Every structure is written in C-alpha cells, then in structure tokens.
Amino acid sequence: MSSATYTIWLRNLKRYIRSKSRIFGSLGQPLFFLVVLGFGLSSLNIPGATGGYLKFIIPGIIAMTVLFTSIFSGIQIIWDKQFGFLKETLVAPISRLSIMLGQTFGGATTALIQGLLIMILAFVIGGIFPSAMGLIIALVFMVLIGLAFTSLGIAIASKMEDMQGFQLIMNFVIFPIFLLSGALFPLTDAPKALKIITYFDPMTYGVEGMRYGILGSSSINPLICFLVLGGFAALMILIGSILFKKIKV
Amino acid sequence: MPNQENRLPMKSEEAIKVINLTKKFKDLTAVNNISFTVKKGEIFGFLGPNGAGKSTTLSMLATLLEPTQGTALVNGFSIRKDRDSVRRSIGMVFQDPTLDEELTAYENMDFHGRLYNVPATVRKKKILELLKLVELNERKDSLVKTFSGGMRRRLEIARGLLHEPKVLFLDEPTLGLDPQTRNKLWEYIKRLNTEKGLTIILTTHYMDEADKLSDRIAIIDNGKMIILDTPENLKNMIGGEIITVETPNGDKLESLMKNCKWCKSGKRHDGSFTLTVDHADKKIPELVQIANKNKIKINSIVIHKPSLEDVFLHFTGKTIREQEAGAIENLRQGRRMHGRMRRR
Ligand SMILES: Nc1ncnc2c1ncn2[C@@H]1O[C@H](COP(=O)(O)OP(=O)(O)O)[C@@H](O)[C@H]1O
Ligand SMILES: [Mg+2]
C-alpha cells in the first residue's frame, strides 16, 4: 500500500470514528429488519430456511449492512467534490489510482467494522455461535462485499454532479441488489424466473458465502461464491479506477 | 510541444514561463493565447473581472487542467510532461475552500504532509511552525468547521507551504473576507515573500489588493492578457490626474465637455462624471464656470492620481463592477449550502 493510499485510508477511518451518530444511527435499520422480520415471520415455517427464519436472515442482514455502508462510503466522494476537498487530493503529486484505492480500502474498512457491530448484536439476538473457521469465511466475504461496493459507489460518484441522483440510485440499484440477493428468502424454493435473476445479482454470492460461514450450509457452493464475488470485486475496482481517473473538479 | 520547449529554455532567474497558453471549453475560449514570465522572488498579480480566465490559467499551471494549446514551464518543469515534478514544486490555494471540515486544523495539515511525503521526523515540527506563523497554533486541535472564513484561508495558506514549494499560487486569497481580515492576510503574504523569498502568483479582482501586493500586474480580460507592468508604470501610462465631479446632471455635463480641448478623456457614471486632465488644479475653475453657466448642480469635486481602477477602465473600456464581487461571494457561500454550482 503506497503512503498516499494509507493517508487517504486513514482520513476515512478518522472521519468514520468521529461520526458516532452515523455509526449508531445506521445500526438501526438492520436491527429493525432483523427483529421485525426475524421474530415476525418466525412462526411461519419457510421451507429451505432451516433453523428458523431469524437465523436464516442473519447472514443476509449483516451483508446488507456491509453493502449499504460501503456504497455510501464510495458515494461520499461527491461530498468531497462539493466541499472542495477533492481538489486538495487531486493536485498532490500522487496517482489517481492510489487515491481511488485509499478510498476503496477506507470504505471497505468502515463497512467491515459496521458489519461486525451488527454481527455481534445479531449473534446475541439469534443465539448463534459459529466456528472460528466459519467466522473467518464470513469475514472474507464481508471484505469482498465491502471492496466491490465501495468501488461501485466511487464509480457512481465519479459520474454524478451532486447528490440529487442519490435517491434514484438507492431505489433502482442498491435496493434491488439487496432484495434480489436471497438475503430474505431461500433460493431453493424461489420461482424459476426469480431464481435466474438472482443468479445475476453478485450480492447473491456474498450472502450465500456468508450463510455458509455463519450457518454452515448454503445453496450455492462457497468456492463458487468466492470466485464470483472476488471476480466482481476486481471488476468493480477496475471500473471504479477508470471512472475516477476521469473525474473533473 | 517538446520542440517549442527545447527552443525556449528557462533562464535561471525565471520561476514560470508561460508560452501561448490557451484553454477552450467547447466554443468558449476561457484563456486566449497568453504568454508571460514570472521572476523568482516576485509577487505576480493577475487582475481581472470574474470570468476573465484567472482560475483556469492557475489550474493549467498547477496541472489540474490540460491546456488546449501552448504550454508552460514551472520551476523548470513542463506542465504537460512533468506533472508530478510541477506539483511537488508548487503550493496551491484554490479559490473555493478545500479543507476537510470534519478534521482538525492539525489533521488537515498532517494529511497534506503525508500526501507530499514530508518525512514524519520533520512533519510535526513544521506543521506547528506554520500554524504559529498564521496564528492558528492555539486552535490546532479544533475542527475546521468551527473556523471563520479568515481562519480557514490562513490554514489553507499554511498548508500550501508545508512541503516547501518554490512557488505559491493564491487564487483570490481574500475573496469574501472582511476588510480587517484582508489586511491581515496581506501582511502574511508580504511577509512570506520578503522573509522566505517565496515566489507568489495571486489572482484577484480587487484593485487595491493587486496594487498593494504585486510587484508586477497582468491585466486579463475575456481570456486575453491586456497589459503587464508594475503598478507604478501602469498608473503612469494614464498620466495626468482624474477629476471626479459628483453631480445629478452627469449627462448634460458630458455633452458640454465633449469638445473640451484640454480633456484627455471624459466619462459619465451613476451620479458622477470623471475627466482625465493634466494640471487638474488649474482646470477646476473653468470646469466650475461651465457648470454654473449651464445651471448644472455640483455636489463635490475630487482630484486624484490615476488608480488601477482607472488603468483598467482605460485598457478595457469598462470598470470592474462591484456587483461581481458580490456575486462570487454569494456563490462561495451558496456552493456549500445548495450543492454544486459551476464557477462563472
Ligand atoms: N469546467 C468548465 N467548463 C466550462 N466552462 C468553464 C469551466 N471552468 C471555467 N469556465 C468558463 O471559463 C471562463 C473563465 O473562468 P475562470 O477561469 O473561472 O475565471 P476567473 O477565475 O477569472 O473568474 C468563464 O467564462 C467560465 O464560465
Ligand atoms: Mg476565479
């Protein structure tokens, strides 16, 4: 990691740690999902959701937290554009790639921390104690989700002038990515058409990989999940850095 | 254009050499074929109204914008071919604020020092030194969002100096600041120049600022460089003195003075009329007589030496309008409240 990349990573982390209200505020939504859906639907016997619905959605809710936090971290570049800070970075004698990577690693790190916080809460609520190996597997997938979607956020931010399009992106990109990932329903018994769409959603492989790590079983082979999500993350980093290279201030 | 650069080597006393620099945005020519040199150790002022092309020129010199045509050497490095060397050798204070408000003054400095590879062993010492220089050492651990406009500007200047640049660019350094803060900033800028021997290029649309700070001034309008000289020489070019008559009948006075033989030029403004003449003290009685004879009411008469304002008027045919200053200041604040707006 170049020193410029580290510097930008460090700034991201400092800002994250300082924003206490954001840290705790953004735990609210996943907790809400977990408690309301988990307990609300626990009486339904959903086939494929072995071990009860609450346990079934825990990996998906953690993945969701990482997804939302990382996309948002990437899109924050728009604020840096608007508040002018981006110029300070762009005029420094460092490459655009090192800036982009610093931002990506920074976003992925904060998303990972945010994911860990909700993970601890979810494990307590659901009474889950995964193996050490399972935890490591889950962490690997969280890192990949973080890297991929921070890069996607940066790619989007490089193309956007202001936050006006944010709501649109939220509704037509991020929510579909989450809802179609099988985070909330078992893939095994989904209708065929839905299932096919789901296989095109990269997040599916993140959720399934985490399910394997945390619950010990998944409907997609974890190695395939790793390869697909890893490939997607690499692609997103590539696209993000190409678009960031062309960013105008 | 490598050949052109090789044919025009930089002299050792030159900090910047600009050669036929041009920038076009679609069909708008923001900077139109300008050439000049900046000597080492001088304060070089870029004076022109809003939209003249000052910021665009600085952006090209700082390698943030690619020129459409022409090039420049900054500290001997080409802005086209050797961007990183150019960047390392300059400090840049942009027109719009570029601080991270969620970080402290010290952290903003530290971020900069790390990006420019200032070694950890000297970084801390230099940051404290510079914060002291701009009198922010006592607020070093406060978040920038609690700072006033003047404090932010001072912090940006200190930050721009952290990597010991040879040339400092200041784009509208006192835009939107109150008179007292402006005076203070002028002192810092002068001191940096005299004590550290720093070459400074500043842009401004304030006449007094250009006049007070610059060793030489380039007047730029509509992307073109109109003239370049010392403030003294510029003012002497107009020559004579300027009589300003405050009167409600400006247009009547103007038509009367149309065929006056001793007037170099005359112009009517809102509520006043100005005449450029030699030996103004001797001409005033005649002027008053003419006014009396034609029942023109005169509220006051002032004689003054030509100012840069008059120089600007002379060379461009218009004054730098006051409302422009207001417009940019609103924009500067507006940007932060209502999201992004293009600088105009
Ligand atoms: N990125 C841009 N795209 C299109 N036009 C621009 C851009 N930046 C500046 N301009 C235009 O170029 C001209 C010069 O602008 P600028 O250099 O900011 O002037 P100044 O700094 O002297 O006020 C203006 O007409 C401005 O609208
Ligand atoms: Mg400007």
Could you please find all residues in the range B:110-127 being within 11 Å of chain A (Cβ to nearest Cβ) and more than 30 Å from B:Gly51 (Cα to Cα)?
B:Asp110, B:Phe111, B:Gly113, B:Arg114, B:Leu115, B:Tyr116, B:Asn117, B:Val118, B:Pro119, B:Ala120
From the list B:Pro49, B:Pro67, pick out the single residue that is within 26 Å of A:Phe85 (Cα to Cα), within 16 Å of ligand 2 (Cβ to nearest atom) and surrounded by 17 or more Cβ atoms within 10 Å (Cβ to Cβ).
B:Pro49
Could you grab me the full set of residues in the range A:86-131 that are farther than 22 Å from B:Val86 by Cβ and hydroxyl-bearing (Ser, Thr, Tyr)?
A:Thr104, A:Thr109, A:Thr110, A:Ser131
Take the range B:144-169 and flag every residue that is of a type in the set (A, V, I, L, M, F, W, C) and over 20 Å from B:Leu115 (Cα atoms).
B:Phe147, B:Met151
Report those helices (runs of 4 or more DSSP H) wholly inside the range A:1-115 carrying at least 1 residues which are open to solvent by 40 Å² or more (accessible area, probe 1.4 Å) and away from chain B (no Cβ under 14 Å).
A:20-40, A:53-75
Please give the number of the condition B:Ser300 fails out of (1) closer than 26 Å to B:Ser148 by Cβ; (2) modelled with pLDDT of 85 or more.
(1)
Count - residues of the range A:142-189 that are touching a Gly at 6+ places or on another chain (Cβ under 8 Å), surrounded by fewer than 18 Cβ atoms within 10 Å (Cβ to Cβ), within 14 Å of chain B (Cβ to nearest Cβ) and in contact (Cβ under 8 Å) with a residue 40 or more places away in the chain:
2
Answer yes if at least one residue in the range B:149-163 is more than 14 Å from chain A (Cβ to nearest Cβ) and either more than 20 Å from the chain's Cα centre (by Cα) or in a loop (DSSP other than H, G, I, E, B) (or both), and no otherwise.
no
Would you mention how many residues in the range B:278-317 are more than 36 Å from the chain's Cα centre (by Cα) and in a helix (DSSP H, G or I)?
10
Restricting attention to the range A:121-138, does a residue exist that is out of contact with any Ser or Thr (no Cβ under 7 Å at 6 or more places or on another chain), within 14 Å of another protein chain (Cβ to nearest Cβ) and part of a helix (DSSP H, G or I)?
no
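The values are calculated or read from the model by the stated rules, or taken from the named source; none is laboratory data. What you see is a predicted model, and the numbers here were worked out from it, not measured in a lab. Methodologically, a virtual Cβ is constructed for each residue, glycine included, from the backbone with ideal geometry; neighbour enumeration extends over all protein chains shown. To get the accessible areas, we keep the full protein, side chains included, count just its heavy atoms, and leave off ligands, DNA and RNA. Shrake-Rupley method; radii C 1.70, N 1.55, O 1.52, S 1.80 Å.
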